[in-house]
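Structure first, then comments.
The values are calculated or read from the model by the stated rules, or taken from the named source; none is laboratory data. Just so you know, these numbers come straight off a predicted model, no measurement behind them. Virtual Cβ from ideal backbone geometry, glycine too; neighbours counted across all protein chains shown.
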Amino acid sequence: MSSQLAEILAPFKGKKGVTIPALQQVQEELGYLPREAIDEVSKTLRISASEIYGVITFYAQFRTSPRGRHVVRVCRGTACHVRGGGVVLDQVKIDLGIDENENTEDMEYTLETVACIGACALAPAMVIDEDTFGKVSPGKVSEIFASRRGDN
Ligand code: FES
């Protein structure tokens, strides 16, 4: 992986203030930021690993563990919460057999929660990759995953 990393990071070598774009580029290529990548960014940009971890922790876009092929985001914002977002999240956990920020064993899905997905009028809402599902109920959650598995 280190030669691949060296290639990804080559355009950033010797430049200042490029930590974020460099991390974005690595994540785009690898899907996440493994420890090895952070060490390589540290070496290439001559900044400490702890400084890089600080950036990663600050920006929600960065992740240090791999994600599944599909990302499920359940809204935990106020509008969704008052309309049953909690039970929707519980049902997703049951259907996928995972908790928040976990991947299914087959790496098909990652489950995340978000503060608001900008579809408050459709609360409770969830998103799978780019598809938004509104006015979701626990029954609808199960239907969505069943149809994605080709069960109906
Ligand atoms: S609060 Fe859930 S979409 Fe806005």
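Residues considered: LEU30, LEU89. Of these, the only one that is among the hydrophobic types (A, V, I, L, M, F, W, C) and outside the structural domain of GLU108 (by TED's automatic domain parsing) is LEU30. Looking at segment 67-78, is at least one residue of a type in the set (Ser, Thr, Tyr), within 30 Å of ILE38 (Cβ to Cβ) and outside any loop (DSSP other than H, G, I, E, B)? No: zero hits. With respect to (1) modelled with pLDDT under 95; (2) in the same structural domain as LYS140 (by TED's automatic domain parsing); (3) not small (Gly, Ala, Ser), the lone exception for ILE94 is condition (1). Of all residues in segment 113-137, those that are touching a residue at least 24 places away in the same chain (Cβ under 8 Å), away from the ligand (no atom under 13 Å from the Cβ) and surrounded by fewer than 16 Cβ atoms within 10 Å (Cβ to Cβ) total 2. Quick one: how many residues across segment 1-42 are polar (S, T, N, Q), loosely packed, with under 12 Cβ neighbours inside 10 Å and free of Cβ contacts under 8 Å to residues at least 24 places away in the same chain? Number satisfying all stated conditions: 1. Checked against (1) farther than 29 Å from VAL114 by Cβ; (2) part of a helix (DSSP H, G or I); (3) not charged (D, E, K, R), ILE47 meets all criteria but (2).
Take the residues of segment 44-82 that are away from the ligand (no atom under 16 Å from the Cβ), surrounded by 15 or more Cβ atoms within 10 Å (Cβ to Cβ) and of a type in the set (Lys, Arg): which is farthest from PRO11 (Cα to Cα)? This residue is ARG67.
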